[in-house]
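Structure first, commentary second.
The values are calculated or read from the model by the stated rules, or taken from the named source; none is laboratory data. Note that the coordinates shown come from a computational prediction; the quantities given were computed from them, not determined experimentally. Note: ideal-geometry Cβ built from the backbone for every residue, glycine included; neighbour counts use all protein chains shown.
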Amino acid sequence: MAITYNPTTDKRNLLQLFTTTGGGTVFSANLTASTAFDLFSDTAVANDAIYFGIDKSFSDLYFDIGTAMAGTDIVLIWEYYAGSPPSTLRNFLPVPGDWTSAKWQPIEDLQDDTNGFTVTGANTVKFPVQMFMQNVAVNGSTNLYVRCRIVSLTAITEGGANQTTRVQTNWGRVYIKDYTESVPCTFSEVSAWLLANQPHLSSTRFGSSFFDFKKTPLRIDSPLTTINETVEIGNWVVTGCEKSAGTYLYYIRSGTKIGDRAGIDGSTFILYSQSNDTIAWFNANSKCYGTRFVSRLGASNPSGYPTPAGEFIDCNIEFNAYPSVSLIGYNNKWVNYGTYIMQSFWNPATFLGNKFILNSNNLGLIYQSGWDAKEATWAYKSTVAGRLFQKYQTSSIQTYNFYDCTPLPELGKTPDLGSPTLIQFDGSTIREIDYRGKMFFYDSTAGTFTEYTAAVKTGGAGNVPINGEVGDYLCWYAQTSTFDEGYEYLLTVPEGQTSNDYEYVWEYYGGGAWRAFNGATPFQSQRIIDRTNNFTKSDNILLMNGHYNNKVTTLNSISAAWIRLRITKKGTGSPVITTMRHYWGAAWCNDWNYKEWYSAVYKIVEQDGTPIEGATVVIKDKDGTVALTKTTDSSGLTASDYILTTHAYFDDDADLSVAPAYWGRGKQIGYSPFEIYITKTGYETYYIKKDITEKINETIPLKKATPILFDTEGKLYQKLNDTNLGAFRDMIDGEVY
């Protein structure tokens with residue numbers, strides 16, 4: 001069993017090390033790779049400083065002092081560059097009252113074993129990870145920094161020098177190793193070890209069950225149990241974007257599992273982290289039952305993006321999660337899931353019964369290919385008008401299946417407060433606008449580009465050629481940065497251009513090469529829909545572009561996300577286009593499907609509750625199509641199956657002129673009301689017509705059928721004698737003999 005702090009194996013090289021002269025105004029070159037350099041000049045003055053920079057939060061600096069610093073009344077201060085704490089936290093922290101903007105702050109919990117660089121040999125300036133660090137530009141290099149600055153001095157005779165080894169730093173992390181399930185570690189044990197072995201650190205324990213590990217990130221590599229405790233983690237690097245030294249809760253054992261989908265007595269973890277900075281990490285060994293994760297600024301500004309893995313059961317989770325595909329996640333409540341990027345962690349076998357409380361305007365962004373969600377429920381605040389999903393850059397054909405979930409909202413509705421639409425497309429509104437980039441025609445023989453940007457816009461003069469020699473091409477871009485959405489263009493061709501025997505290939509640049517729409521490999525795009533009939537009539541062209549990296553390339557000295565129409569076979573005549581308009585925000589221009597399914601299980605019984613075997617359940621949708629057919633077993637039960645109740649999908653035939661146009665090519669079909677028939681020979685047929693908006697688990701009693709007979713005069717009689725039902729018998733006064 002072992003607890004260690006800042007082990008030698010975690011030492012890291014700095015990215016920047018600058019010394020200064022002239023009152024801190026003249027900087028040296030970057031000395032981070034140097035083993036021998038002067039710390040200060042022998043003529044140093046007040047405000048001369050040494051700067052130590054790296055890209056992630058850090059702790060301790062390791063020196064090898066070869067020449068001791070000497071002088072009279074030299075006062076040094078160690079500082080770090082800090083962002084301003086959020087206003088909601090400022091009153092709860094031991095910080096100056098005027099700390100309302102980023103500034104250099106004294107390092108907290110400092111222990112200088114070099115004694116102001118006066119002790120020679122290998123020594124360490126000790127300090128934990130500092131709260132609220134923020135990027136700052138020093139000598140043209142932006143990173144996280146600490147510095148040692150001369151505050152005042154009477155005289156200096158020697159500025160001191162480092163020798164032999166380069167200055168390094170560390171993560172400031174506490175390692176917990178070699179504990180077992182039978183003898184696990186505890187937070188009390190970690191806190192006591194730090195107090196005994198790293199006394200310069202602030203206390204990490206308050207009372208019997210509150211622990212503050214904000215300045216000492218943990219790496220739990222063997223079992224650690226926690227029950228009904230409160231634990232603060234995270235150092236709130238204001239810059240965010242993976243700047244924090246994360247806490248690894250790899251073998252955490254929080255709470256008690258009391259059933260397959262229930263847990264109690266878990267601890268509360270308070271996360272000090274930015275929404276784009278991962279502060280907590282988990283793996284397949286993590287186990288959290290009845291545990292709460294709270295973002296320090298609340299659900300409206302959640303931490304992110306931890307990756308829940310292992311088992312999370314019956315937990316309250318208040319961060320922007322990035323769950324592992326292997327997560328076993330039952331009956332968790334996820335608060336403010338609004339900025340999460342949905343991926344394939346929706347494993348319908350192990351991610352069940354999860355509830356999502358939306359404080360923002362959507363459950364998730366759609367980046368990846370399709371997935372299945374099962375038994376998920378969601379609720380919006382009454383003050384939020386949003387969408388369930390926002391469709392963003394995507395790859396391939398996407399199908400999203402919802403099994404026994406909260407009913408899908410209506411596609412294409414304008415969101416009301418607390419009542420979202422199903423999906424909104426990136427770009428806010430899909431509107432037809434003038435082409436907004438630049439367009440050129442490339443003459444492959446001459447090797448020249450001719451600009452046609454002005455001509456192709458509405459009201460432009462002249463035609464834009466789509467004719468020439470094989471290898472010539474028309475090229476354009478909508479924006480200079482990578483544009484990962486689909487494209488839709490409205491092209492106008494001249495009257496009379498009713499034939500065109502030129503052949504072309506539509507191409508985009510991706511992954512280091514030009515690739516064709518309708519390409520043959522999975523990397524390449526999905527497809528192209530050309531309604532211009534090869535530019536013989538004015539209409540739309542849809543380019544179903546997938547999500548790939550490295551789409552920017554350089555043509556005509558312009559780096560942009562280019563598209564080009566290249567001639568592959570020279571035809572006759574001189575076909576042209578006159579204008580090209582496009583739809584901005586065309587993330588919807590990809591194949592997508594949202595399908596809503598509900599399970600159905602029936603138990604068919606006699607009036608006294610006796611199971612009926614062999615009864616048939618048939619469910620038909622509103623169009624009379626059979627959606628389900630099942631027969632009961634000896635227990636009177638049908639096998640479970642799913643019924644498709646709603647289907648929203650990309651509709652390339654949609655009329656974009658019909659309001660609301662900004663929902664693009666989306667169509668939603670509902671299959672309710674359904675007709676349900678339950679039959680069995682000798683029983684009356686059960687029939688009901690209803691909408692299906694939740695899973696079905698019903699017991700239906702059937703009535704025995706009453707035999708009837710008609711006499712020779714057409715009168716109807718109940719057959720009281722149930723023998724010889726299949727044969728004709730004489731009837732007197734309604735009685736068969």
_When the residues of segment 108-134 are narrowed to those that are in contact with an Asp or Glu (Cβ under 9 Å, 6 or more places away or on another chain) and buried (at least 20 other Cβ atoms within 10 Å of the Cβ), which ends up farthest from Ser275 (Cα to Cα)?_
Val125
*asked:* With the requirement that a residue be aromatic (Phe, Trp, Tyr) and at pLDDT below 90, what does segment 492-513 give you?
replied: Tyr508, Tyr509
*Top-ranked residue in segment 485-502 [being closer than 24 Å to Lys570 by Cα and among the acidic types (Asp, Glu); ranked as surrounded by the most Cβ atoms within 10 Å (Cβ to Cβ)]*: Asp501
*asked:* Scan segment 76-98 and tell me whether some residue there is over 24 Å from Thr165 (Cβ atoms), aliphatic (A, V, I, L, M), surrounded by 14 or more Cβ atoms within 10 Å (Cβ to Cβ) and over 34 Å from the mean Cα position of the chain (by Cα).
replied: yes
*When you look at Asp633, is it over 18 Å from Trp597 (Cα atoms), modelled with pLDDT under 90 and among the acidic types (Asp, Glu), yes or no?*
no
_Condition check: modelled with pLDDT under 95 and in the same structural domain as Phe441 (by TED's automatic domain parsing). Does Tyr489 satisfy that?_
yes
*If a residue has to be in contact with a Phe, Trp or Tyr (Cβ under 8 Å, 6 or more places away or on another chain), crowded, with 22+ Cβ neighbours inside 10 Å and not acidic (Asp, Glu) to count, how many in segment 593-609 make the cut?*
2
*Out of the residues in segment 530-550 that are outside any strand (DSSP E or B) and of a type in the set (D, E, K, R), which is modelled with the lowest pLDDT?*
Arg531
*Among the candidates Ser382, Ser344, single out the residue that is assigned to a loop (DSSP other than H, G, I, E, B), at pLDDT below 80 and surrounded by fewer than 19 Cβ atoms within 10 Å (Cβ to Cβ).*
Ser344
*Looking at Thr216, Thr225, Thr204, which is the one that is modelled with pLDDT under 95, touching a strand residue (DSSP E or B) at 6+ places or on another chain (Cβ under 7 Å) and crowded, with 19+ Cβ neighbours inside 10 Å?*
Thr204
*Would you point out which residue out of Ala245, Ala161 is closer than 16 Å to Ser57 by Cα, touching a residue at least 12 places away in the same chain (Cβ under 8 Å) and aliphatic (A, V, I, L, M)?*
Ala245
*Can you run down the residue pairs with Cβ atoms below 6 Å, 6 or more apart or on separate chains, where the first is in segment 602-629 and at pLDDT below 95 and the partner is surrounded by 15 or more Cβ atoms within 10 Å (Cβ to Cβ) and part of a loop (DSSP other than H, G, I, E, B)?*
none
_Residue that is surrounded by 19 or more Cβ atoms within 10 Å (Cβ to Cβ), modelled with pLDDT under 95 and among the polar types (S, T, N, Q), where the choices are Thr553, Thr579_ = Thr579
*Could you list all residues from segment 438-453 that are without any contact (Cβ under 8 Å) to a residue 24 or more places away in the chain, of a type in the set (S, T, N, Q) and either surrounded by 20 or more Cβ atoms within 10 Å (Cβ to Cβ) or outside any strand (DSSP E or B) (or both)?*
Thr453
*Could you list, in sequence order, the residues of segment 610-651 that are surrounded by 19 or more Cβ atoms within 10 Å (Cβ to Cβ) and assigned to a loop (DSSP other than H, G, I, E, B)?*
Ile612, Ala615, Asp621, Thr632, Gly636, Thr638
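Results for (1) under 16 Å from Ala600 (Cα atoms); (2) at pLDDT 95 or above; (3) of a type in the set (Val, Ile, Thr), shown as yes or no for each residue.
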residue	(1), (2), (3)
Asp655	no, no, no
Tyr662	no, no, no
Gly666	no, no, no
Gly682	no, no, no
Ile688	yes, yes, yes
Lys703	no, no, no
Thr706	no, no, yes
Leu709	no, no, no
*Across segment 228-241, which residue is farthest from Val183 (Cα to Cα) among those that are assigned to a loop (DSSP other than H, G, I, E, B) and either in contact with a strand residue (DSSP E or B) (Cβ under 6 Å, 6 or more places away or on another chain) or among the hydroxyl-bearing types (Ser, Thr, Tyr) (or both)?*
Thr239
*Check Gly460, Gly471 and return the single one that is in a loop (DSSP other than H, G, I, E, B), out of contact with any Leu (no Cβ under 9 Å at 6 or more places or on another chain) and within 15 Å of Val493 (Cα to Cα).*
Gly460
*asked:* Looking only at segment 308-334, filter to residues that are surrounded by fewer than 22 Cβ atoms within 10 Å (Cβ to Cβ) and modelled with pLDDT under 85; which one of those is farthest from the chain's Cα centre (by Cα)?
replied: Ser326
*Out of (1) within 27 Å of Asn401 (Cβ to Cβ); (2) at pLDDT 80 or above, what's the single condition that is false for Phe523?*
(2)
*asked:* Tell me which strands (runs of 3 or more DSSP E) are completely within segment 94-171 and hold 2 or more residues being among the hydrophobic types (A, V, I, L, M, F, W, C) and touching a strand residue (DSSP E or B) at 6+ places or on another chain (Cβ under 8 Å), or say none if there are none.
replied: 121-126, 136-138, 141-152, 155-158
